[in-house]
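The values are calculated or read from the model by the stated rules, or taken from the named source; none is laboratory data. Keep in mind that this is a model prediction, so the values were computed, not measured. FYI the Cβ positions are ideal-geometry reconstructions off the backbone, even for glycines, and counts take in every protein chain you see. Side chains are part of the model used for accessible areas, which takes the heavy atoms of the whole protein and leaves out ligands, DNA and RNA. Shrake-Rupley method; radii C 1.70, N 1.55, O 1.52, S 1.80 Å.
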Amino acid sequence: MPREAEPSANEKAFLLKALQDEQIRLDGREFDQYRPLELTFGDEYGVANVSLGKTKILAKASAEVTVPFADRPLDGIFTIATELSPMAAPHFEVNRPTETEVLLSRLLEKTVRRSGALDTESLCLVAGQKCWSVRVDVHVLSHDGNLTDAACFAVVAALRHFRKPDTSMENGVLTVYTPAEREPVPLGWLHSPFCVTWSFFGDEGETALLDADWMEEQVRVASLTISLNRHGEICQIAKLGGVPVEAVALLQCTSVALTKVKDFSTFLDGKLAEDAKRRDKGGFMAELRAENDRVVG
């Protein structure tokens, strides 16, 4: 397996001196400032392109009718699949998950699926027989640090943007309608959790940075990922090794994280509203009439 490229000793020393002695970051950001966040939606529902600085993520949501798990007959199925290919960074290999990919997959699983953000009971069609299986595929297009926050935002954006086909049940017969027959319906969404990742520097982790880029990630001594929603409800806290973090510092990081999550939520709501307005051209029936006019013409 190819090894990940590492910054030189001079680069590491320069970055640490700038952070600890000069109190500045190499890109000029404040210690608690994110890189520019951009979000665009695809032509079809459930496709979200997220850029966090030079880190780029593509998330695509899809759904199909399947059989529910035997121990959860009244729930649908929800899964998240991550892919880190050589296109994102040279040391990633296809079908050979690295530690980065495994940790990313687990954090997304805990943050979005286990927190109950998606109402899986609403995905049930026929108890114990048929249900919707919702899947989100996360593709890392470019890796420049902080994959967790960018991927989590992309997953939440894709799920909230996604629309599944409408269904009906008559005389025990399940009917799944095409978009031309009935307008697709959104998923049952309960809350929007986001990840906020801190990186710590120094012998005792006394310097904390938000949204570390790739270079900063190579020299940090610890990281902390806090997942919560805009109401301050914490879904999970991941402190994966490294130097210990004081309780006071943890509380301060959580307080700042809540502010950032509220900003994320407001930003996503605005983008969803813009996309809905762009797609609404006189309603769904007007779109069908326009299609029919083009066919006749």
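Work out the P(r) tail for the chain: percent of alpha carbon pairs separated by more than 32 Å, whole number.
Everything past 32 Å amounts to 34 percent.
Treating r as the C-beta distance of Asp203 and Arg182 and R0 as 45 Å, the FRET efficiency rounds to 0.15.
Once all protein chains are placed together, Trp214 keeps about 60 Å² accessible to a 1.4 angstrom probe. Of the solvent-accessible surface of the chain, computed with a 1.4 Å probe and all protein chains present, 51% belongs to carbon and sulfur.
Among Arg25, Arg279, Arg35, the largest mean-square fluctuation in a Gaussian network model of the chain (Cα springs under 10 Å) belongs to Arg279.
Taking the convex hull of the alpha carbon positions in the range 115-184 and averaging its projected area over all directions gives 6.5 nm². Taking other residues whose beta carbon is less than 14 angstrom from the beta carbon of Gln129, and scoring Lys, Arg as +1 and Asp, Glu as -1, yields +1. The listed residues Met215, Met87, Met169 rank as Met87, Met169, Met215 when sorted by accessible area, largest first, using a 1.4 Å probe. Accessible area per residue for the chain, computed on protein heavy atoms with a 1.4 Å probe, is 53 Å². For the chain, the longest principal axis of the alpha carbon atoms and the long axis of helix 99-108 meet at an angle near 50°. Set against the 2.2 N^0.38 Å expectation for a compact globular protein, the range 1-61 has a Cα radius of gyration ratio of 1.62.
Take every pair of alpha-carbon atoms less than 8 Å apart whose residues are at least six positions apart; their mean separation over the length of the range 28-275 yields a relative contact order of 20 percent. Calculate how steeply helix 247-279 sits against the longest principal axis of the alpha-carbon atoms of the chain, using the helix alpha-carbon long axis, and give the answer as 0 to 90 degrees to the nearest 10. Helix 247-279 sits at roughly 40 degrees to that axis.
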